[in-house]
Structure formats: structure tokens, C-alpha cells
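Asks: Starting off with a structure, shown below.
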Amino acid sequence: MRRALPFLWIAFLASVPLWLGDAYFLHVLITTGIFTIAAMSLNLLLGYTGQLSLGHVAFFGIGAYASALTSLGFDVNIFGLRFVHEPWPALIGFLVGIVVAGLCGYAIGRLSFKVRGAYFVIVTISFAEVTRLVALNWVELTQGPLALNNIPPFTLGEYTLWGKVPNYYVVLAIAVIAYVVIRRLVLSRIGRAMIALRENEPLATSLGIDVTRFLVLAAVVSAAIAGAAGALYAHFVRIIDPDIFLFIYTVTMVIMVITGGKGTLAGPIVGGMIFGILPIFLRAYASPVAQWIIYGVLMILIVFFLPRGIVPAVRDAWRSRRGAASLPERTAASVATARANARP
């Protein structure tokens, strides 16, 4: 049953457009799914290597801009040299966004993982701010505050994904692929090395684990998945501007990871679904100010009463319940064994 649960969950999500008639709520599910993918990528760093990146939105924005510019084309002058790029299909732009974000993750990982703690956080925040300023001021390439608009949607052969239902299934497919990639990584030898670094880096180093190698690998995979989420966002909303690098988006990802349960595969998904959909339900019962108050109070309560997150708390409760339920059976079996051994 436990192995079948992910497949049942995917089947349920795949059926949502068949019975959900509200286009606006479907739009919310798509954007929630995109940011859940980004939160899953952040969880690889925060949850499995213990590295807090508060500039993770940079990779999200880089993937969005790289994919959009590849699809739209550009004509820029760099140091007196003219670079002209003709528009390519959106699917190729999506792949370019993943690759460029992954390369940026490699570069930042090689530089920033030489420091730890608050210094690493400062480096990641600075990187996100630099990318925002580049997007804002390089008007010739990014259009600056005027935004890149008319970004083409994805096409599969002759079929163009204009509507929300096709985009929903694209986001769902990418989310499943990202989950599988992260799961295979964290359950492998590489994942065990990452967890060892998180728990006790000096001890892991003494056992021969290459700290920089595994941390950089985690940064590359995490950045590439965040870039995929950004590319999905660009081709779905079809307009992006430098506000995509705002710090609030990183905060949103961190909230999804922490409340859902960092270091768990399902944590970012649960946190993303709760804090992505909750504002929609609150909108019908509370004013905008009250919504933010409720939102903040709920986060405080979750962190206070469930410090490890929702998923670990539910998992521990389930194990305790199963253990309590099987205790009488184990006790009866022990008594029967003792009586049998006591017979002459």
C-alpha cells in the first residue's frame, strides 16, 4: 500500500482537470505546482545538505529569462561585438533554461561553498541581487522594467499549449520527473554522503567524503530544477520582468520546505499545496489584511508545535499508532513463548 500511494496521488492529480470546472482555481494549481517544484529543488540543498540558500530565486529567474530569450530571440552588442539569435522553439528554450541555471549553480557552488553559515547565506543573497540588477539594467537584452512579453507557449508538434489544462499536465509531468530525480539522488550513495555532511561535516570529511564535490553536485541539480520551474513559469504567464528575482519568492520556497518538513521527499509538496492554495480559501472569508495575519499565525503555529514539519510529525504519529496497535499482539506472543519455554 505504501508503494502504491505515490501512484494513487499522481492519478488523483491527473484527474483534477476532468472534474474541476473553475479555470481560476486551475490557474492557482499550476502556479502552486511551479513553486512546489522550486521548493523541491531548494529542499535538496536545505534539507539534505543543510545549506540555507536565500538567493535560490536567482536560479528560478535565470531559467525563466534564459528560456524566454531563447524562444524570443535577441540582438545585442557586447564589447563591440554583435550577437544575433533567431527565435527557437519553446521546448528548446526550456532545456536551455535548465542548462544555464545548472551552470550558474556550478559556478556559485564552486565559489560559495568555500564558506559556511552566515557567509554562505550572504553570498547567495548577493548573487540573487546581482542577477536582479542585471535584468533591470541590461535593457537591450531583457527590456528591463518594460518586461519580456509575448513569450511563446510550449508546442508539441503542431499542437500549441495555449490553455490551462495542457499547461497543468506539463507542470505535473515536470514535477513528477523532478521528484524522481531527487528521490533517486537522495537514496543513492551520493544522497547518503550529503546527509552525512549535513549531520556531521568534520566526521564525514574524516571518512573520506569530498565535501566540495557533493555540495557542488547538489547545487547544480538544485539550480537546474529551479531553472526548470522558472522556465515553466515564463512560458505559462508569458511575461516576465525583474520582479521575478524578488526576495519574497525565496521566502515562499523556504516556508514550503520548513513547514512541510525539510529533508523529506514529500515535505515541499505538502507545504507547497497548503501555502499555495490556502490564500484562495481565505479570500472568501477574510479581508486582505486578515488573510496575511492568518497566514502568519498558521506558520508560527506549525513551526512552534511541529518544529520538524508536517510530514515528519504525521509519519511519527502513524508509526506510534501502529506500534501501539501491535503491542498487545507482541505481548501475547511473548507470553506464549515464555510459557512454552517454561514447560518441562
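Asks: Under 8 Å for C-alpha pairs, at least 6 residues apart: give me the relative contact order for the range 1-107, rounded to a whole percent. Before the final figure, lay out each step's value.
Replies: On the way: 76 pairs, mean separation 20.6, N = 107.
Dividing the mean separation by the residue count of the range 1-107 yields 19 percent.
Asks: Now for a separate question. Apply the a/c threshold of 1.5 to the C-alpha gyration tensor of the chain and tell me whether it is rounded, prolate or oblate. List each step's numbers first, then the result.
Replies: Values: a/c = 2.06, a/b = 1.57, b/c = 1.32.
Cα axes put the chain in the prolate bin.
Asks: Okay, moving on. How much accessible area per residue does the chain have, counting only protein heavy atoms and a probe of 1.4 Å, in square angstrom?
Replies: Details: 18490 Å² over 344 residues.
Each residue of the chain exposes 54 Å² on average to a 1.4 Å probe.
Asks: Measure nothing fancy, just the Cα-based angle from helix 164-186's long axis to the longest principal axis of the chain, in degrees from 0 to 90, nearest 10.
Replies: Helix 164-186 sits at roughly 60 degrees to that axis.
Asks: Chymotrypsin sites (Phe, Trp or Tyr not before Pro), restricted to the range 256-299: which are DSSP loop and have at most 14 other Cβ atoms within 10 Å?
Replies: Details: sites: 275, 281, 285, 292, 295; in loops: 285.
Sparse-neighbourhood loop chymotrypsin sites (Phe, Trp or Tyr not before Pro): 285.
Asks: Separate question: Counting other Cβ atoms within 10 Å, keep those with at most 14, restrict to DSSP loop, and tell me which GluC sites (Glu not before Pro) in the range 118-173 are left.
Replies: On the way: sites: 129, 140, 158; in loops: 158.
Passing sites in the range 118-173 are 158.
Asks: Hey, what did the chain get for relative contact order, percent, Cα under 8 Å, at least 6 apart? Can you show the working numbers first?
Replies: Values: 497 pairs, mean separation 98.0, N = 344.
Dividing the mean separation by the residue count of the chain yields 28 percent.
Asks: Suppose only helical runs count, i.e. DSSP H with n ≥ 4. What mean residue ellipticity at 222 nm does that imply for the chain under -39500 (n - 2.57) per run, divided by all residues and rounded to the nearest 500 deg cm²/dmol?
Replies: Numbers: 14 runs with 251 residues, N = 344.
It comes out at -24500 deg cm²/dmol, rounded to the nearest 500.
Asks: In terms of modelled amide H atoms, which long-range or inter-chain residues lie less than 5 Å from the amide H of residue 160?
Replies: Those qualifying (amide H under 5 Å, at least 5 residues apart or on another chain) number zero.
Asks: Quick check on the range 138-280: take the gyration tensor over C-alpha atoms, sort the square-rooted eigenvalues as a ≥ b ≥ c, and tell me if it's rounded (a/c under 1.5), prolate or oblate. Don't skip to the end; give the middle numbers.
Replies: Working: a/c = 1.97, a/b = 1.77, b/c = 1.11.
It comes out prolate by the Cα gyration axes.
Asks: Report, in degrees rounded to the nearest 10, the 0 to 90 angle that the Cα long axis of helix 5-19 makes with the longest principal axis of the chain.
Replies: It works out to around 50 degrees.
Asks: Round to a whole number: what % of the accessible area of the range 1-154 belongs to carbon and sulfur, probe 1.4 Å?
Replies: Values: 5500 of 7660 Å².
That share works out to 72 percent.
Asks: Here's something else I'd like to know. Picking from 83, 60, 245, which is most flexible by a Gaussian network model of the chain using Cα springs under 10 Å?
Replies: 83
Asks: Oh, and also: Just to confirm the number: angle between the C-alpha axis of helix 267-283 and the first principal axis of the chain, 0 to 90 degrees, nearest 10?
Replies: That works out to roughly 70 degrees.
Asks: Using a 1.4 angstrom probe and counting only protein chains, how large is the accessible area of residue 206 in Å², to 10?
Replies: Its accessible surface works out to 90 Å², give or take rounding.
Asks: What number, in percent, do you get for the relative contact order of the range 185-311 if the mean sequence gap of Cα pairs under 8 Å and at least 6 apart is divided by its residue count? Numbers along the way, then the final one.
Replies: Numbers: 79 pairs, mean separation 23.2, N = 127.
Computed value for the range 185-311: 18 percent relative contact order.
The values are calculated or read from the model by the stated rules, or taken from the named source; none is laboratory data. Nothing here was measured: the structure is a model prediction, and the numbers come from that model. When we count neighbours, we look across all protein chains shown, and the Cβ atoms used for this are built from the backbone with ideal geometry, even at glycine. Note: areas computed on protein heavy atoms with side chains; ligands, DNA, RNA excluded. Shrake-Rupley method; radii C 1.70, N 1.55, O 1.52, S 1.80 Å.
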